[in-house]
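Accompanying notes for the structure given below.
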Ligand SMILES: C[S@@+](CC[C@H](N)C(=O)[O-])C[C@H]1O[C@@H](n2cnc3c(N)ncnc32)[C@H](O)[C@@H]1O
């Protein structure tokens, strides 16, 4: 049984489902439309056209079909769409027809039914590779990085947040080579652990991967990294690995390229459809401010008040203003509603809260 839905500017045929799981005939998660929105905004915000794009785990084809409909006119040189599931390939083709795109006569569009690693390794390389699996991205990192072009962008989703955020610390050590910590800042720690792991895989090939946009939301984490080639650049990345909050090692560098974040935000609020998506705009607004700050980690105001027996919690905006008046950077964080990112020390923050 199938149904037709709308996502972004496209129509999509998807299997009718009871529950979103790996066992779905062909995977589609409506919650991930925001993940796809951000990919579109990011690609439309970079100064590069004529991209060779790879969608190795395409499922319904939603991401690629949206790219074809929603990316700027000259963005795509070729889009390579792959899934090893026969039903997925059938549905991708039906979804092209549904959107009146004649993939057979368009040499921009290549559809493959291969194992994703073979699909990547048998290619001539890509400027943008989107790894969007169910669970850990580990199984595809090596091939994707090997085939990532100079200045190319690697986009990675991870939905196995239980290991990255510390519910299963041993699994995190095995899979991500670092110790997580289950506490108020666990999502940031987990995201930084994942970034370091991707950077270590890339370092083997003298590729320096710098995060340009990252976030954590509900059940998943997402990172976009830009590839620079060169031994010195790689050494410089590795220097920014270290322990944080008794966990790690993690990536201690920046999570965003702030000028890119600005462009993404303004592109979103100037887009007819995106500007109506409160969830998306709110996330981008917070990240726009967050990306201006250098501080690693954030303070959980509830947690600090509880630990220090502070009964009355002032409004977050008031606290942020007071910290700024003391000369420190401070602002909201998208990782947690009760969180404040700031360069102030814990001791001084407790004084402010009191
Ligand atoms: C989470 S879904 C992808 C969702 C999609 N990227 C989107 O935006 O809707 C994962 C897909 O990867 C495919 N897949 C998993 N392992 C694969 C592999 N080794 N090679 C090729 N496809 C694979 C599955 O068949 C499934 O369709």
Going by how many other Cβ atoms sit within 10 Å of their own, how do 39, 45 line up, fewest first?
-> 45, 39
Enter the angle in degrees (range 0 to 90, nearest 10) between the Cα long axis of helix 316-325 and the first principal axis of the Cα atoms of the chain, meaning the one along which they spread out most.
-> 70 degrees
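Send over the semi-axes of the stretch 2-264's equivalent ellipsoid, whole angstrom and largest first, taken as the square roots of 5 times the C-alpha gyration tensor eigenvalues. Could you put the intermediate results ahead of the total?
Details: eigenvalues 180, 91, 53 Å².
Each semi-axis is the square root of five times an eigenvalue, giving 30, 21, 16 Å.
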If we count other beta carbons within 10 Å of each Cβ, what is the order of 243, 127, 257, fewest first?
-> 243, 257, 127
Crossing angle, helix 86-98 versus the chain [Cα axis fit, 0-90 degrees, rounded to tens] | 80 degrees
State log₁₀ I(q)/I(0) for the stretch 295-354 at q = 0.12, 0.19 Å⁻¹ as given by the Debye formula over alpha-carbon point scatterers of equal weight, solvent excluded.
-> -0.23, -0.59
Could you work out how far the C-alpha centroid of the stretch 291-354 sits from that of the stretch 178-222, in angstrom?
-> 23 Å
Return a whole-number percent for the relative contact order of the chain, with Cα pairs under 8 Å and 6 or more residues apart as the contact set.
-> 11 percent
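Of all beta bridges DSSP finds with both residues in the chain, what is the antiparallel percent, to the nearest 5?
Details: 32 of 48 bridges.
So the antiparallel bridges amount to about 65 percent of the total.
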Expected sort for 244-255, 108-119, 228-239 on mean C-beta neighbours within 10 Å, highest first, is 244-255, 108-119, 228-239
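Sort 62, 26, 31, 352 so that the residue with the fewest other Cβ atoms within 10 Å of its own Cβ comes first and the one with the most comes last. Provide the component values of the computation, followed by the final result.
On the way: 62 26, 26 22, 31 12, 352 19.
Ranked by crowding around the Cβ, least crowded first: 31, 352, 26, 62.
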When the helix-only estimate is applied to the chain (DSSP H runs of n ≥ 4, each -39,500 (n - 2.57), divided by the residue count), what is the mean residue ellipticity at 222 nm, nearest 500 deg cm²/dmol?
-> -11500 deg cm²/dmol
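Laboratory data are not the source of any read-out in this text; all were calculated from the coordinates shown. Keep in mind it's a predicted model, so treat the numbers as computed, not measured. Neighbour counts run over all protein chains shown; Cβ positions are idealised from the backbone, glycine included.
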